Amino acid sequence: MSEASDRNREIVRAVEEAWDRQDLGSLDQHFAPDFDNSASAVPGLPAGLEGAKMAHAGSMRSFPDRKIHIEELLAEGDKVMVRARVTGTNQGGFPPMDVPPNGAPIDIAFVGIYTLRDGKIVSHWGLNDVAALMQQLGAGAPPA
């Protein structure tokens, strides 16, 4: 692996760990001013780091014990892929699915692909297992 790939992987690790620690102030240093997450931004929130921080704050209200478990971090060139799980407990309700607080534990998978330029994150695409989240929260009918 190249030195640049190693450096990029460590930047993404630092970002994922900052989200996990609720250290949102440390994130700004890792993102380019033109950071684009529009492909996976939460509808109704602004794109970019500001919107991502707002989405994170909403997640923390719902799951105050939220924890990220990194399972894989792969880097090649300017791309870094993270495969991880998010665990927590529905203590604050989950308004996007009209779920009240119910103490339900969650354990969902997510994948994120970051693109970096000059040591800064310029884009992010992510995918969460929303079907598992709905089922674990009791928001949808179980599969037949």
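Numbers for the structure displayed
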| read-out | value |
| --- | --- |
| Residue in the stretch 105-127 that is open to solvent by 70 Å² or more (accessible area, probe 1.4 Å) and under 20 Å from residue 43 (Cα atoms) present | yes |
| Residue within the stretch 119-139 that is within 23 Å of residue 14 (Cβ to Cβ), in contact (Cβ under 8 Å) with a residue 24 or more places away in the chain, over 17 Å from the mean Cα position of the chain (by Cα) and not in a strand (DSSP E or B) present | yes |
| Any hit, the stretch 60-68, residues being of a type in the set (Asp, Glu), at pLDDT below 95 and over 13 Å from the mean Cα position of the chain (by Cα) | no |
| Enumeration of residues in the stretch 1-45 that are charged (D, E, K, R) and in a strand (DSSP E or B) | 34, 36 |
| The one condition in (1) in a helix (DSSP H, G or I); (2) touching a residue at least 40 places away in the same chain (Cβ under 8 Å) that residue 73 fails to fulfil | (1) |
| The stretch 89-108 residues that are under 19 Å from residue 129 (Cβ atoms) and free of Cβ contacts under 8 Å to residues at least 40 places away in the same chain, paired with ones that are among the hydroxyl-bearing types (Ser, Thr, Tyr) and assigned to a strand (DSSP E or B) (beta carbon under 6 Å, 6 or more apart) | 105/89; 107/87 |
| Qualifying residue in the stretch 39-60 (condition: without any contact (Cβ under 8 Å) to a residue 40 or more places away in the chain, open to solvent by less than 40 Å² (accessible area, probe 1.4 Å) and within 29 Å of residue 2 (Cα to Cα)) | yes |
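The values are calculated or read from the model by the stated rules, or taken from the named source; none is laboratory data. Just so we're clear, the structure is a prediction, and the values are computed from it rather than from any experiment. As a convention, Cβ positions derive from the backbone with ideal geometry for all residues, glycine included, and neighbour counts pool all protein chains shown. For the accessible areas, the whole protein counts, side chains as well, though only heavy atoms, and no ligand, DNA or RNA atoms are used. Shrake-Rupley method; radii C 1.70, N 1.55, O 1.52, S 1.80 Å.
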